[in-house]
Amino acid sequence: MAKRAAEDARLKRITEIALALPEAIREMHDSHAQFLVRKKTFAYFLDNHHSDGIVGVTCKVLAGDNKALQENQPDRFYLPQYLASKGWVALRLDRGAVDWDEVKELLLCSYTLIAPERLAERVKAEA
């Protein structure tokens, strides 16, 4: 029986944060993960997506924040293909130490923008 490769530590940490949110689930697609709430995606963990060599977390942010983050910190943030036009940004997890508070903030923001209002309000009240 073939031994299964250990799960990426960054993915484990993101999964812990994301699945602590109400009704959140994770779906795996090869080395990528999709995080959903009631069938709506609120985050992706991408590992070498389309052979770009990048490991990152992709989330929805407030209007205009994605471009501002990428312009102010281009070594850390990038605009994800197909999603940037819809207000999404990606944070690289493959460049130095990861600020897990920042990752959590991105995930919470994205969740509250995507989740049904009652669930989003619940998360905001707990924050």
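The values are calculated or read from the model by the stated rules, or taken from the named source; none is laboratory data. Only a predicted model underlies this, so the values are computations on that prediction, with no experimental measurement involved. Note: ideal-geometry Cβ built from the backbone for every residue, glycine included; neighbour counts use all protein chains shown. For accessibility, only protein heavy atoms count, side chains too; no ligands or nucleic acids. Shrake-Rupley method; radii C 1.70, N 1.55, O 1.52, S 1.80 Å.
A few points about this structure:
- Residue count for segment 105-127, restricted to those that are surrounded by fewer than 18 Cβ atoms within 10 Å (Cβ to Cβ), under 14 Å from the mean Cα position of the chain (by Cα) and over 16 Å from TYR44 (Cβ atoms): 1
- Options GLN34, GLN70: the member that is surrounded by 13 or more Cβ atoms within 10 Å (Cβ to Cβ) and part of a helix (DSSP H, G or I): GLN70
- Cβ-Cβ distances below 6 Å connect the following pairs, each with a first residue in segment 90-102 that is modelled with pLDDT of 95 or more, a second residue that is open to solvent by 50 Å² or more (accessible area, probe 1.4 Å), and a separation of six or more residues or different chains: ARG92/ARG76; LEU93/ARG10.
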